[in-house]
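Notes to accompany the following structure.
No lab work stands behind these numbers, since they all come straight from the coordinates. Values in this document were obtained by computation on a predicted structure and should not be read as measured data. Neighbour counts run over all protein chains shown; Cβ positions are idealised from the backbone, glycine included.
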C-alpha cells in the first residue's frame, strides 16, 4: 500500500522581520488525515511558521506546498480557499458579531464535501455555543471564544485545521474539552496541525511531532520516539 501524500509540505523556509531573521530553514510535513504538532519554547518560530504556511507572511527562501500546489507566493485568502482553516493565536473572534454571526460569516463548502460542517454539526461538537448563539463574541469567556474560533474554522470545511496555541490561558476543564473535541476531529480523518505547550495530551493524540529551536527544525518523530528522547523534552521543551 502506498504511503499517504503530504497535504502540507514546508521545505527549508527562511523568514525575516525586517533585518531580523526568524526562521533558518524550517521543514515540516503533514499527510492526509494526520495529527501533527509543532513544539518549542516561546520565541522559537512556531507562530512564524504557521503564518508563513497560511500566507500571512512570505518566506525569503524555501517553499510551501499545500494540496498539491506551490503556494509559496500566494495570499492568505487564496490558500484558505484551497482548504486551510486557521484558528489563530488569541482566537480573534469578531467581537461585535454574535456567536451565530461569527459561525456563518465565512461558512462555505468549496470542496463540495458530502458531509459538510454546518451550524448544527458545530453545535453538536460544542453544545455551549448553541446556548450562547445570540451572545456577542466580546461577551464570551475565553474557553467559549476558543470553541467559537474552532467552529468558525470548521465552517469553512477545511482539509487542514491549524491551531496556534490551542489551549493557552484556558481553565483545566475547558482544556480537557478542547482536547476531546480535537481527538474526535482526528477520528473523522481531518488533518490537524497544533501548537500548544500542554505536551501530555499531544503525546497521546498526535501521530508525529516537529520541534523548533531558534528558528530551526531540530527534531521530528512519533510520540513514542519523543518520550524516549528525554534530552529533547528537557532541553528544547523544558519538560
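Miscellaneous remarks
- Computed label-point distance, nm, for sites residue 130 and residue 218 using a 7 Å Cα→Cβ extension: 4.6 nm
- Stretch gain in nm, segment residue 138-residue 197, where the contour uses 0.36 nm per residue and the Cα spacing is subtracted: 18.7 nm
- Peptides 68-74, 80-86 ranked from most to least packed by the mean count of surrounding Cβ atoms within 10 Å: 80-86, 68-74.
- Relative protection proxy for 37-43, 128-134, from highest mean packing down: 37-43, 128-134 (other beta-carbon atoms within 10 angstrom).
- The long axis of helix 142-154 is offset from the longest Cα principal axis of the chain by roughly 80 degrees.
- 0 to 90° range, to nearest 10: angle between helix 172-187 axis and the chain longest Cα axis: 80 degrees
- For segment 1-142, convex hull of alpha carbons as volume per residue, Å³: 156 Å³
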